[in-house]
Amino acid sequence: MRLKEIRAGKGLSVPKLVDLSGVPRRTIQEIEKRGDCMVSTAIKLANSLGVTLDELCNAQDD
């Protein structure tokens, strides 16, 4: 899960992502820490960040 990387790359704070997505702050913090979440939550976050689920959920190939 690349949530923190994508969020930071777009210059968004956690509180701003909360506002955009409707996902609670604690949930976002836990996702960034654990690296997983429910699909419904991932969809909300991906839509709010303007990325696909694939981009959000898969590690980038180097």
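Report relative contact order for the chain in percent, whole number only (criteria: Cα-Cα under 8 Å, sequence separation at least 6). Can you show the working numbers first?
Values: 55 pairs, mean separation 28.1, N = 62.
Result for the chain is 45 percent.
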inquiry  = Tell me which of VAL51, SER40, GLN29 sits at the most positive position along the dipole axis of the chain, charges placed on C-beta atoms (Lys, Arg +1; Asp, Glu -1).
reply    = GLN29
ask   = Roughly how much of LYS4 is accessible, in Å² to the nearest 10, using a 1.4 Å probe?
value = 120 Å²
message = 7 Å from Cα along Cα→Cβ at both ILE43 and LYS4: what's the point-to-point distance in nm?
response = 2.7 nm
request  = Would you work out the charge dipole size for the chain about its Cα centre, treating the Cβ of every Lys and Arg as +1 and the Cβ of every Asp and Glu as -1, and quote it to the nearest 20 debye?
outcome  = 380 debye
request  = Please give the net charge around LEU17, taking every other residue with its beta carbon less than 14 angstrom from that of LEU17, where Lys and Arg add +1 and Asp and Glu add -1.
outcome  = +4
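Near ALA8, within a Cβ-to-Cβ distance under 15 Å, what is the net charge of the other residues, with Lys and Arg +1 and Asp and Glu -1?
Working: positive: ARG2, LYS4, ARG7, LYS10, LYS16, LYS33; negative: GLU5, GLU32, GLU55.
Once positives and negatives cancel, what remains is +3.
The values are calculated or read from the model by the stated rules, or taken from the named source; none is laboratory data. Note that the structure is predicted; figures quoted are calculated from it, not measured. Cβ sites come from the backbone with ideal geometry, for glycine too, and all protein chains shown count toward neighbours. Areas reflect the complete protein model, heavy atoms only, side chains present, ligands, DNA and RNA absent. Shrake-Rupley method; radii C 1.70, N 1.55, O 1.52, S 1.80 Å.
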